[in-house]
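Each remark here refers to the structure printed beneath this line.
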Amino acid sequence: MENSKELLEATVQGLQEKLESLNNDLLTKQRELEVINKPTINEHTYNLILEIIRNSVYDLEFSEDDFEYELTFGYDNKVELENIKLTRTEDMIDNFKRSIDKNFRVTEFDQNPTVDGEE
């Protein structure tokens with residue numbers, strides 16, 4: 001009977017290890033599938049988008065009214081900035097959108113895109 005218990009415990013342990021391995025494999029394949037399913041853009045377009053973001057951020061002008069913040073007194077009686085939050089996020093998004101609209105032509109979504117060079 002003791003052999004039977006040990007054999008069953010070993011079998012359970014082996015199955016748990018196999019299940020863990022299969023779960024890891026599943027997560028890996030799910031991540032790979034996420035990457036494959038991402039829309040692709042060429043390097044020129046990617047760099048153009050980065051430049052649009054960079055310029056849009058640089059074009060923003062901030063004032064004290066654009067932030068919510070909390071000031072506190074620290075241990076040594078120094079005033080410290082405890083928390084800060086940008087309140088003009090919609091303005092930033094609008095600025096990005098205008099810049100993108102200036103640089104790109106938006107088309108309908110193609111569910112069956114062709115790969116460059118293929119028909």
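The values are calculated or read from the model by the stated rules, or taken from the named source; none is laboratory data. Here the structure is a predicted model, which means the values were calculated and not measured. Neighbour counts run over all protein chains shown; Cβ positions are idealised from the backbone, glycine included.
GLU32 passes every criterion in (1) in a helix (DSSP H, G or I); (2) assigned by TED's automatic domain parsing to the domain that holds SER99 apart from (2).
Can you name every residue in the stretch 97-111 that is surrounded by fewer than 10 Cβ atoms within 10 Å (Cβ to Cβ) and in a helix (DSSP H, G or I)? If the condition is that a residue be surrounded by fewer than 10 Cβ atoms within 10 Å (Cβ to Cβ) and in a helix (DSSP H, G or I), then LYS102 is the only one that fits.
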